[in-house]
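Asker: Would you mind keeping the following structure in view while I ask a few things?
The values are calculated or read from the model by the stated rules, or taken from the named source; none is laboratory data. Note that the structure is predicted; figures quoted are calculated from it, not measured. Please note: Cβ atoms are built from the backbone with ideal geometry, for glycine as well, and neighbour counts cover all protein chains shown. Areas reflect the complete protein model, heavy atoms only, side chains present, ligands, DNA and RNA absent. Shrake-Rupley method; radii C 1.70, N 1.55, O 1.52, S 1.80 Å.
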Amino acid sequence: MALLSGLFGTVCTLDLNLDVDPSRKCTVLGRDKKGERVPIYSDGEDVSGSAVVSVKPGKKLDHQGIRVELIGQVDMLYDKANSYDFFSITKDLEPPGSLWESKQYKWKFNAVDKQHETYWGINCRLRYFVRLTVIRNYASNIVKETDFVVQNVQTPPDVNNTLKMEVGIEDCLHIEFEYDKSKYHLKDVIVGKVYFLLVRIKIKHMELDIIRRETTGNGPNATNDSETLTKFEIMDGAPVRSECIPVRLYLSGFDLTPTYKNVQNKFSVKYLVNLVLVDEEDRRYFKQQEIVLWRKKLG
């Protein structure tokens, strides 16, 4: 094996770069937002760049072709062996042969279909990346990948009705909660009011939670995972009957995505507003309501 490694190992190195205009917006890659900053592209935009195959002095690189691919892929993070490429475009940069010196290539994919957004969730991710491959016969291929992010601006919803919820316990508690609308853009403000129509239990405090629910798989094999993105206290202390409490929750401070419905039959993402009341004995009463999120601008 050591001999094979010496024969086929470090003959060359690869570099792969995207052509990024200084005005193009960028964002941080990864769920924890600690990754590298990468450019944002939208549906229908060209994706172009350069590739460099650097051959070490005095070495010869025999290959079966050099190619660049643009790939859209859904990964289940608990089962990475079953990655699903929902599209792939290939361009050949070099026919089979030999390279005696380093060589640079320019490549471009025109008007690329990117209708699904990049997503990094609990159990799945959707990623777009460019892959440069040097194909070899008797050794493993040499591969270099670089990611980019896709975001798509959406049109404002035509219909955006108010939302009303009720939380009630017979003869003990009756609360109405009214939201100003049911569909919000990612930098929007949730404005609402809480009406206490009947209060016969001692309420300690009330909070508004935003919950992201990710569904992977379909039918009986579907898996649901929820995460609470924020808990916003809207009342501290005991309310009285007929009291009305205003609510104003700014969404811009949270890591939100648009609502996604059945992306490539692999996953969905929806958002819930959860109204929670806690009494003096720490019993919790809650009511959930789905809201729809949409993207007004990139970034």
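Asker: Restricting attention to segment 1-26, and to residues there that are of a type in the set (V, I, T) and modelled with pLDDT of 90 or more, which single residue is farthest from the chain's Cα centre (by Cα)?
Answerer: Once the filter is applied, the top-ranked residue is T13.
Asker: Separate question: Let me confirm something: among S98, S88, which residue is assigned to a strand (DSSP E or B) and open to solvent by 60 Å² or more (accessible area, probe 1.4 Å)?
Answerer: S88
Asker: Tally up the residues in segment 31-80 that are without any contact (Cβ under 8 Å) to a residue 24 or more places away in the chain and open to solvent by less than 80 Å² (accessible area, probe 1.4 Å), please.
Answerer: Qualifying residue count for the region: 2.
Asker: Still on this structure: Since D255 meets every condition but one in (1) within 28 Å of the chain's Cα centre (by Cα); (2) crowded, with 17+ Cβ neighbours inside 10 Å; (3) not in a strand (DSSP E or B), which condition does it not meet?
Answerer: (2)
Asker: Could you tell me how many of the residues in segment 200-211 are surrounded by fewer than 18 Cβ atoms within 10 Å (Cβ to Cβ) and in a strand (DSSP E or B)?
Answerer: Count: 4.
Asker: Okay, moving on. Would you tally the residues in segment 74-85 being assigned to a strand (DSSP E or B) and out of contact with any Lys or Arg (no Cβ under 7 Å at 6 or more places or on another chain)?
Answerer: Within segment 74-85, residues that are assigned to a strand (DSSP E or B) and out of contact with any Lys or Arg (no Cβ under 7 Å at 6 or more places or on another chain) number 2.
One line per residue, one yes/no per condition, for (1) open to solvent by 20 Å² or more (accessible area, probe 1.4 Å); (2) in a loop (DSSP other than H, G, I, E, B):
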position: I234; (1), (2): yes, no
position: S242; (1), (2): yes, yes
position: V247; (1), (2): no, no
position: K261; (1), (2): yes, no
position: S268; (1), (2): yes, no
position: N274; (1), (2): no, no
position: V278; (1), (2): no, no
position: E281; (1), (2): yes, yes
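Asker: While we're looking at this one, here's another question. Residues to consider are K204, K266; find the one that is over 30 Å from D75 (Cβ atoms) and touching a residue at least 24 places away in the same chain (Cβ under 8 Å).
Answerer: Step by step, each of K204, K266 is checked, and only K204 is over 30 Å from D75 (Cβ atoms) and touching a residue at least 24 places away in the same chain (Cβ under 8 Å).
Asker: V112 versus (1) out of contact with any Ser or Thr (no Cβ under 7 Å at 6 or more places or on another chain); (2) in a strand (DSSP E or B); (3) surrounded by 16 or more Cβ atoms within 10 Å (Cβ to Cβ): which is the lone unmet condition?
Answerer: Failed condition: (2).
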